[in-house]
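Since the structure comes first, as structure tokens, the remarks are kept for the end.
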Amino acid sequence: MKRKIKYPIEELLKPLGEKKWQGNVYGARFDGQIIMNVEKEDIPSPSPSPTPSVTPSVTPSISVSPSVTPSVTPSVTPTPSTSALAILSFQQTDNTFTNGDSNACSPYGPVYTYNQRTATIGGAAGTSDITCQIDNSSVQWGLQSKLTINSGTNWNSGTWTVRLRTSSTMPTGIRLYEIYVCRVNSSNVNQSTICADTFDEVLSTDTTYTYNLTGTSQTPSSGDYVNIVYVFRNTNSSGAATRTFTIKSNQIIDSPFT
């Protein structure tokens, strides 16, 4: 004899997870289906999802290096080099001056036709021929160059470089004999011989001659100037009473003055 079903059909038809009772369900037939003996599954309760461990945000420790005060190299004001002052050079010109027929500091008188020209810093070089007439067998000055010296100039000792340019007429026997460099006051009176030298050199036409003289330092008075005297010698002893020659006033005279 079959055992009767103890539970309502609704209970039997529930899913196993919803049945109120555990155990075996004995076979029975409903609508032609056999209800099998099925054990209720022991479904484990789901493990709770673990709360994630929150790693605290770490503010990085910033190592701040102390600001470095830059090393400042003090600017050094250079000591200006003491360079030598430029020597003064004078350009011979065609401009004339007069101090009578003064021989300045030379012992010689003038030729029959003598010339007195200026020489200035930055002047215009002379272009004209200068005529001189000198006696036979005589020594006479034929040219003077007046150098105007500005106030505040140092009248130093040192080398004077004096040049002479001959022109197109130069008879045989005419020589540049001596050169004198003189300090003359504003009244055209000689005050001192700065330097003088004897050269006695034969002159040719259209030639530039250069002469060096060593001068002494000077203590000038207001208005003093420098007068350079060119002395010529005529070695001719016969023929014409005088010899005529030509020169130019167009050369540079270098002084030791600064």
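The values are calculated or read from the model by the stated rules, or taken from the named source; none is laboratory data. Computed from a prediction, not measured in an experiment: that's the story for all the values here. FYI the Cβ positions are ideal-geometry reconstructions off the backbone, even for glycines, and counts take in every protein chain you see.
Numerical summary
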quantity	calculated
Close pairs (7 angstrom Cβ cut-off, 6 or more residues apart or separate chains): in the same structural domain as SER145 (by TED's automatic domain parsing) in segment 105-116, assigned to a loop (DSSP other than H, G, I, E, B) and modelled with pLDDT of 95 or more anywhere	GLN116/PHE97
Only one of PHE199, PHE257, PHE245 that is of a type in the set (Phe, Trp, Tyr), touching a residue at least 40 places away in the same chain (Cβ under 8 Å) and in a strand (DSSP E or B)	PHE245
Answer from LEU213, LEU203 - the residue that is under 41 Å from the mean Cα position of the chain (by Cα), hydrophobic (A, V, I, L, M, F, W, C) and in the same structural domain as LEU164 (by TED's automatic domain parsing)	LEU213
Whichever residue in segment 235-254 is crowded, with 16+ Cβ neighbours inside 10 Å and not β-branched (Val, Ile, Thr) and, among such residues, is nearest to ASP200 (Cα to Cα)	ASN236
Every residue from segment 217-234 that is surrounded by 15 or more Cβ atoms within 10 Å (Cβ to Cβ) and more than 17 Å from ARG117 (Cβ to Cβ)	GLN218, PRO220, ASP224, ARG233, ASN234
Test: residue in segment 192-202 that is surrounded by fewer than 17 Cβ atoms within 10 Å (Cβ to Cβ) and more than 19 Å from ASN103 (Cβ to Cβ)	yes
Neighbours by Cβ (under 6 Å, 6+ apart or cross-chain): first from segment 118-141, closer than 14 Å to ASN236 by Cβ and modelled with pLDDT under 95; second small (Gly, Ala, Ser) and not in a strand (DSSP E or B)	ASN136/SER237; SER137/SER237
In segment 88-132, the residues that are of a type in the set (Val, Ile, Thr) and surrounded by fewer than 18 Cβ atoms within 10 Å (Cβ to Cβ)	THR96, THR98, THR113, THR120, ILE121, THR127, THR131
